Amino acid sequence: MRESLEKMLAKGVDNALLRFGLGKAWLDEGNGAEAAVHLQRCVEHDPKYSAAWKLLGKAHQLQGDLAAARKAWEQGLEAARAHGDKQAEKEMTVFLKKLDRAV
């Protein structure tokens, strides 16, 4: 899956959905650094993409960058609230509460 997405990117296709797919694929493989690169590009393409913000926070968390994870989730909460994405809002609220307890 990831390889075919990488080929599309190499051919010049670059959009939020492609970057989201690549970010999720890298995250599923446990590579937070590569995931963060693609997910950051995704939210640059579409700042309202709350699911991408959620995964971007996870990618930063996987790398141990809790400040960046918090920032991504806070921005994701704004995006989710602005578009009525209640599920993403709930999930990121939980992630932030867990982060607060861990600190």
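The values are calculated or read from the model by the stated rules, or taken from the named source; none is laboratory data. The structure presented is a predicted model; accordingly, all values stated were derived computationally and were not measured. Glycine also receives a Cβ, built like all others from the backbone with ideal geometry; neighbour counts cover every protein chain displayed.
Here are the numbers for this structure:
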| quantity | calculated |
| --- | --- |
| Of residues in the stretch 79-103 being among the small types (G, A, S) and part of a helix (DSSP H, G or I), the one nearest to D65 (Cα to Cα) | A102 |
| Close pairs (8 angstrom Cβ cut-off, 6 or more residues apart or separate chains): at pLDDT 95 or above in the stretch 50-70, polar (S, T, N, Q) anywhere | W53/Q75; L56/Q40; A69/Q61 |
| Selection from the stretch 77-90 of residues that are of a type in the set (D, E) and closer than 10 Å to A51 by Cα | D85, E89 |
| Scope the stretch 20-31; condition in a helix (DSSP H, G or I) and either over 13 Å from K54 (Cα atoms) or modelled with pLDDT under 95 (or both); matching residues | G21, L22, A25, W26, D28 |
| From A59, A102, A82, residue being out of contact with any strand residue (DSSP E or B) (no Cβ under 9 Å at 6 or more places or on another chain) and closer than 18 Å to F20 by Cα | A59 |
| Filtered residues of the stretch 73-93 (kept if surrounded by fewer than 17 Cβ atoms within 10 Å (Cβ to Cβ) and either more than 13 Å from the chain's Cα centre (by Cα) or touching a residue at least 60 places away in the same chain (Cβ under 8 Å) (or both)) | E78, R81, A82, H83, G84, K86, Q87, K90, T93 |
| Total residues in the stretch 59-72, condition surrounded by fewer than 23 Cβ atoms within 10 Å (Cβ to Cβ) and in a helix (DSSP H, G or I) | 7 |
| Count - residues of the stretch 3-37 that are within 16 Å of the chain's Cα centre (by Cα), over 16 Å from Q61 (Cβ atoms) and crowded, with 17+ Cβ neighbours inside 10 Å | 7 |
| Residue within the stretch 93-101 that is out of contact with any helix residue (DSSP H, G or I) (no Cβ under 7 Å at 6 or more places or on another chain) and at pLDDT below 95 present | yes |
